[in-house]
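The values are calculated or read from the model by the stated rules, or taken from the named source; none is laboratory data. Because the structure is a prediction, the values reported are computed rather than measured. Using ideal geometry, Cβ is built from the backbone for each residue, glycine included, and neighbour counts are taken over all protein chains shown. Note: accessible area is taken over every heavy atom of the protein model, side chains too, but ligands, DNA and RNA are not part of it. Shrake-Rupley method; radii C 1.70, N 1.55, O 1.52, S 1.80 Å.
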Amino acid sequence: MYTPKPEHKFTFGLWTVGNIGRDPFGGPTRESKTPAELVYLLGEVGAYGVNFHDNDLIPIDATLTEADAIKKDFRKALDDTGVVVPMATTNLFGDPIFKDGAFTSNDSKVRAYAIQKTMNSIDLGVEFGASNYVFWGGREGTETDSSKSTVDAIKWNREAMNFLCEYVLDKGYDLKFALEAKPNEPRADIFNPTTGHMLAFIETLDHPEMVGVNPEVAHEHMAGLNFIHSVAQAWEAGKLFHIDLNDQYPGRYDQDLRFGSRDIKAAFYLVKFLEDVGYEGMRHFDAHAYRTEDYEGVKDFARGCMRTYLMLKDKAAQFNADAEIQALLEETTADDGSMDQYFGKYSAAKAQALKAQAFDRTAISSRGLQYERLDQLTIDLLLGTR
Ligand code: GCO
Ligand code: MN
Ligand code: MN
C-alpha cells in the first residue's frame, strides 16, 4: 500500500543519497559512490527520478574524456533502472571562486563565470531530459553588509536570470526555472531569503512566465515560518514549479532531516495541500541520511521519506472522508449569503450600502469556532486512533 510508484513522482538529488556524512566538525562516515551507483540505489528503493548539480555528475576539473565516460555510465544506469532526470541545477557554491557569491559577486569575472557555468550546466541537464532547472543561490549573500550594495546584488541577479532565460529561449529548450530561497547557511545572510521574496523578485524579470519557485521545508522552518503558507502562496500565483521536501527543527543549523521526521503535523498539512490541489510536479526529497548510517541506512532514509509521504497522503484522504471533521468544517464556513451583495467588484453604491450595514459584533464574535475539537480530531487521526 505504501510502495512508491512512478506516478508518485518521488525524486532525490545525487547529492542527497550521495551525501557522505561530512559536517563542519568531522570527515565523511561513508565512502562516496559514483553517480551511476547512486542511480542503481535509487532504482532499488523505488524512486522515480534523480536530479543533479553539474558537478555531482561531472567533477569541475574533469577532462572531456572523463566526462564522456561518466555520462556513459550514468546513461546506462538510467536505462537499466528506468530512473529519469526531471531536474538539474548548478553548483554555484562549492568552488572557492564563489566565496563572495556567483551572480551577485562584486567581481565581474566571477559573475561572468557563474553565467557561463550555468549555461553549460543547463546544456548538461537538458541532455539528460531535465524540464525544470533549479537556482539555489547559496553563496549569494553577505557576512558583513559593508561589503556589498544589496541593490546592486539584486540588479546583478536579475540581469543573470534575464540572460539565462534568453539563453533557454535561444536554444529552444523546453525548460522552466525554479528559484529556491534560503535565509542563511552557508552565508550569514542570503539574498531573497524566503519564498515570498522570490515571488516578488520573479515579477521583475523579463520572462516571469518561465520562472517559478522551489520552496524547501527546512528553509522556511529555519526562519520560523509556516511552510504551507509559502507553498500555498506560490501555488495560488501559478508558481509552484518544484518542491524540496525534508524536515528541520526551527532555529538550528541546516539539518536536512528525513521528510516528516520532525514536524509530522506540518508534513501532514503539506501533503494534504499538494494532493488536494492536484500538484503534478516532482516530490523531490532534498535531505540526507544521518551521519550514523551506512548505505543500508541511506536506503532506510530514502524509503522512509517516500513511505511517510504516502502514509500522510492516505491520512489526507481519511481527513477528507471523515464525516465528523467535514461536518465541523462545513459549520465553520456555513454562510447565509446575506453578505454576498457587498463582495466582488467595487461600486460606489456597494460602498455606500456597506457603510450603512449594521454589524452585531458581540453576537458575531460570541460563536465558538470549535477549532480545538477540529485540531484534536486531526491529532487522533494522525496518531491512528480514528
Ligand atoms: C541546501 C539547498 C540545496 C539546493 C540544491 C539545489 O540547503 O543546500 O537546499 O540542497 O536545493 O543546491 O539547487
Ligand atoms: Mn536545503
Ligand atoms: Mn534544497
Scan the range 274-292 and tell me whether some residue there is assigned to a strand (DSSP E or B), more than 30 Å from Asp170 (Cβ to Cβ) and more than 15 Å from ligand 2 (Cβ to nearest atom).
yes
In the range 143-171, how many residues are open to solvent by 60 Å² or more (accessible area, probe 1.4 Å) and over 19 Å from Asn106 (Cα atoms)?
4
Only one of Ala349, Ala363 that is of a type in the set (A, V, I, L, M, F, W, C) and open to solvent by less than 70 Å² (accessible area, probe 1.4 Å):
Ala363
Hey, could you check the range 58-81 for residues that are open to solvent by 40 Å² or more (accessible area, probe 1.4 Å) and not in a helix (DSSP H, G or I) and say which is nearest to Asn19 (Cα to Cα)?
Pro59
Say we look at the range 27-43 and pick out the residues that are among the hydroxyl-bearing types (Ser, Thr, Tyr), in contact (Cβ under 8 Å) with a residue 24 or more places away in the chain and under 20 Å from Lys71 (Cβ atoms); which of these is least open to solvent (accessible area, probe 1.4 Å)?
Thr34
Open to solvent by 30 Å² or more (accessible area, probe 1.4 Å) and more than 16 Å from ligand 2 (Cβ to nearest atom): is that true of Ala237 in this structure?
yes
Provide a single number: the residues in the range 283-302 that are touching a strand residue (DSSP E or B) at 6+ places or on another chain (Cβ under 7 Å) and open to solvent by 30 Å² or more (accessible area, probe 1.4 Å).
1
Filter the range 258-282 for residues that are open to solvent by less than 50 Å² (accessible area, probe 1.4 Å) and farther than 19 Å from His8 by Cβ and give the result.
Asp263, Ala266
Anything in the range 160-188 that is under 20 Å from Ala234 (Cβ atoms) and away from ligand 3 (no atom under 15 Å from the Cβ)? List them, or say none.
Met161, Cys165, Leu175, Lys176
Restricting to the range 82-93, name every residue that is open to solvent by less than 30 Å² (accessible area, probe 1.4 Å), in a strand (DSSP E or B) and not hydroxyl-bearing (Ser, Thr, Tyr).
Met87, Ala88
If you scan the range 185-232, which residues turn out to be among the polar types (S, T, N, Q) and more than 10 Å from ligand 1 (Cβ to nearest atom)?
Asn192, Thr194, Thr195, Thr204, Asn226, Ser230
Restrict the check to the range 44-57 and report whether at least one residue is of a type in the set (Phe, Trp, Tyr), under 26 Å from the mean Cα position of the chain (by Cα) and open to solvent by 30 Å² or more (accessible area, probe 1.4 Å).
yes
Report whether or not Ala114 is touching a residue at least 40 places away in the same chain (Cβ under 8 Å) and open to solvent by less than 10 Å² (accessible area, probe 1.4 Å).
yes
Residues of the range 185-206 satisfying the condition of being at negative phi and either of a type in the set (Val, Ile, Thr) or open to solvent by 40 Å² or more (accessible area, probe 1.4 Å) (or both):
Pro186, Ala188, Asp189, Ile190, Thr194, Thr195, His197, Ala200, Ile202, Glu203, Thr204, Asp206
Please name all residue pairs, on different chains or six or more residues apart, with Cβ atoms under 7 Å, provided the first residue is in the range 122-135 and is on the phi > 0 side of the Ramachandran plot and the second residue is assigned to a loop (DSSP other than H, G, I, E, B) and within 14 Å of ligand 1 (Cβ to nearest atom).
Gly129/Val85
Could you tell me whether the range 238-252 includes any residue that is without any contact (Cβ under 8 Å) to a residue 60 or more places away in the chain, within 14 Å of ligand 3 (Cβ to nearest atom) and more than 17 Å from Phe301 (Cα to Cα)?
yes
If I filter the range 5-13 for residues that are away from ligand 3 (no atom under 16 Å from the Cβ), open to solvent by less than 60 Å² (accessible area, probe 1.4 Å) and either in contact with a strand residue (DSSP E or B) (Cβ under 6 Å, 6 or more places away or on another chain) or closer than 18 Å to Thr308 by Cα (or both), do I get at least one hit?
yes
Which residues, taken from the range 211-237, are among the small types (Gly, Ala, Ser), more than 23 Å from Asn162 (Cα to Cα) and within 15 Å of ligand 3 (Cβ to nearest atom)?
Ala218, Ala223, Ser230
What tally of residues in the range 39-60 results from selecting those that are farther than 11 Å from Thr11 by Cα and within 16 Å of ligand 2 (Cβ to nearest atom)?
2
